[in-house]
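Coordinate-derived values only; no laboratory data. Bear in mind the structure is a predicted one, so any value in this text is a computation, not a measurement. No Cβ is skipped: glycine too gets one built from the backbone with ideal geometry, and neighbour counts run over all protein chains shown.
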Amino acid sequence: MKKILILGSTGSIGTNALELIRNNREHYQVIGISGNKNIELLKKQIEEFKPTSIYVGSEQDALNLKKEYPFLKEIYFGENGLAELSKNSDYDIILTAVSGAIGIDATVEAIKREKRIALANKETMVSAGAYINKLLKEYPKAEIVPVDSEHSALFQSLQGFKKENVKKLIITASGGTFRGKDLAYLENVTVEQALKHPNWSMGKKITIDSSTLVNKGLEVIEAHELFNVDYDNIEVIVHPQSIVHSMVEYVDGSIIAQMGVANMKTPILYAFTYPEKEFNSSINFLNLIKTNNLTFEEPDRKTFKGIDLAYRAGKIGGTMPTVFNASNEVAVELFMKKKIKFLDVYRIIEEAMNSHQILSLNTDNALNIIKEVDRETRKKVREQWER
Ligand code: NDP
Ligand code: MG
């Protein structure tokens, strides 16, 4: 029986994970969950899974929950609460499925305890990847198994082969809601349009990121940080059917791919069961005969600047990926509040990157520098664009 802590249990990945656990109760026990504002759902989860440790956004909600559910031993809230939950509760595997760079500290605490981290929260790897990798060297028994479907596919396609024989990582992209559209069309697209993803059902922030292809950019940096492969050897190709989740090309000319239906349960479960593939994920399996042609095409990087901005940020390194991520997080929030237009997302990221003085992260103070740059970037973008 493995003990699981889920950060972001009320979100899209979190609820998928709980469904998996519901169907595999003899193997997994939920010891901790976290929500922010969706208290109704959090309560249902507490009643069903009876965790002992939880996090919730506000102190008032924490007090109410404590009264209502006396079996809860630890209740955390506020700024450091997620990290405290990760630091103190009794788990074997932590699934980090909060959205955004707020997940960094909790991941750091899990590494220090040398736990298995099922990492969905890609923003942590983008914003703080350099620091996380340094920390992983200090705590060699800690292990990150990616949940992001492309990275799960890459991770699986890398099993059993030597890193030096990898020629390139090929990350697939659905192309997003606006695939094939031009700049004139994108100028006036709405939040409602951007929130309609053709293949995946996900949280709002990542769905907007998919429509700008910033998500693919974040994934390029995430892949670089997770697998230590040069940016020149990471390629993005559009595969509208989202069946091939990503591939690794080797020096002998073979390409190893991982395929399946577009369902996050498979990568979540793999991050729990790695290095095995066991237990039932209760999804509809892929029917290859009924699957239409699998097609691959070049992404339109001129229109969807999210990819190239990420390569630029990643290649520059230092604190630039932190700026790329933080400016995008605020831009997406402003777009969802209808305060900016769709294409302003790129303008915001570009401006933030252009005005940033890069700092080196080759110092013991790296995490503080990352946090400071993250804070400053958010502040600057808000000052200029929040009207
Ligand atoms: P959702 O928006 O659906 O869920 C986010 C979760 O984080 C919710 O539980 C939410 O709580 C919680 N949360 C939000 N803000 C805060 C905060 N300030 N403090 C504490 N908790 C907070 O996101 P997804 O599940 O879609 O994505 C989660 C992560 O996984 C992201 O990093 C995303 O990029 C990554 N990912 C997601 C995929 C998907 O299919 N959804 C695929 C690949 C990666 P509440 O709702 O209660 O307010
Ligand atoms: Mg992905």
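When shorter helices are ignored and each DSSP H run of at least 4 residues is given -39500 (n - 2.57), the per-residue value for the chain at 222 nm works out to -13500 deg cm²/dmol.
Give me the base-10 log of I(q)/I(0) for region 40-80 at each q in 0.20, 0.24, 0.29 Å⁻¹, Debye formula, one uniform scatterer per Cα, rounded to two decimals. Normalising to I(0) and taking log10 leaves -0.52, -0.76, -1.10. Sorting 351-359, 250-258 by their mean Cβ neighbour count within 10 Å, with the most densely packed peptide first, gives 351-359, 250-258. Using the Stokes-Einstein relation with a Kirkwood hydrodynamic radius computed over Cα pairs, the translational diffusion coefficient of region 334-387 at 4 °C and a viscosity of 1.567 mPa s comes to 104 µm²/s. The largest-to-smallest principal axis extents of the Cα set in region 257-387 are 52, 38, 28 Å. The orientation-averaged shadow of the Cα convex hull for region 70-192, equal to a quarter of the hull surface, comes to 11.9 nm². Computed log10 I(q)/I(0) for region 287-345 at 0.18, 0.19, 0.20, 0.23 Å⁻¹: -0.75, -0.79, -0.82, -0.94, from the Debye equation with unit scatterers placed on every C-alpha and solvent omitted. Neighbours of Arg113 by Cβ distance under 10 Å: Lys/Arg scored +1, Asp/Glu scored -1, total +2. Here the Kirkwood formula, the inverse mean of 1/r across different C-alpha pairs, assigns region 126-264 a hydrodynamic radius of 16.1 Å. In a simple Cβ point-charge model (Lys, Arg +1; Asp, Glu -1; nothing else charged), region 180-219 has a dipole of about 140 debye relative to its Cα centre. Compactness of the chain was expressed as the Cα radius of gyration divided by 2.2 N^0.38 Å, which yields 0.95. Over region 238-291, the hull volume per residue, using the convex hull of the C-alpha atoms, is 118 Å³.
Shown here for region 73-118: GluC sites (Glu not before Pro) in loop regions (DSSP other than H, G, I, E, B) with at most 10 other Cβ atoms within 10 Å, namely Glu79. If you take all other residues with their beta carbon under 12 Å from the beta carbon of Met353, and give Lys and Arg +1 and Asp and Glu -1, the sum is +2.
Annotation: peptides 233-239, 151-157, ranked by per-residue average of other Cβ atoms within 10 Å with the highest first, follow the order 151-157, 233-239. For Arg22, Arg301, the sequence from fewest to most other C-beta atoms within 10 Å is Arg22, Arg301. Between Asn188 and Lys73, the distance separating the two model label sites (each 7 Å from Cα on the Cα→Cβ line) works out to 5.9 nm.
Applying the criteria of a DSSP loop state and at most 13 other Cβ atoms within 10 Å to the trypsin sites (Lys or Arg not before Pro) of region 191-249 yields Lys196. With R₀ fixed at 30 Å, the C-beta to C-beta distance from Ile316 to Gln159 puts the FRET efficiency at about 0.45. Under a model in which nothing but the beta-carbon of Lys, Arg (+1) and Asp, Glu (-1) is charged, the chain shows a dipole of about 520 debye around its Cα centre.
A protection proxy built from the mean count of other Cβ atoms within 10 Å ranks the segments 179-191, 336-348, most packed first, as 336-348, 179-191. Solvent-free Debye calculation, one equal scatterer per alpha-carbon of region 4-74: log10 I(q)/I(0) at 0.18 Å⁻¹ equals -0.60.
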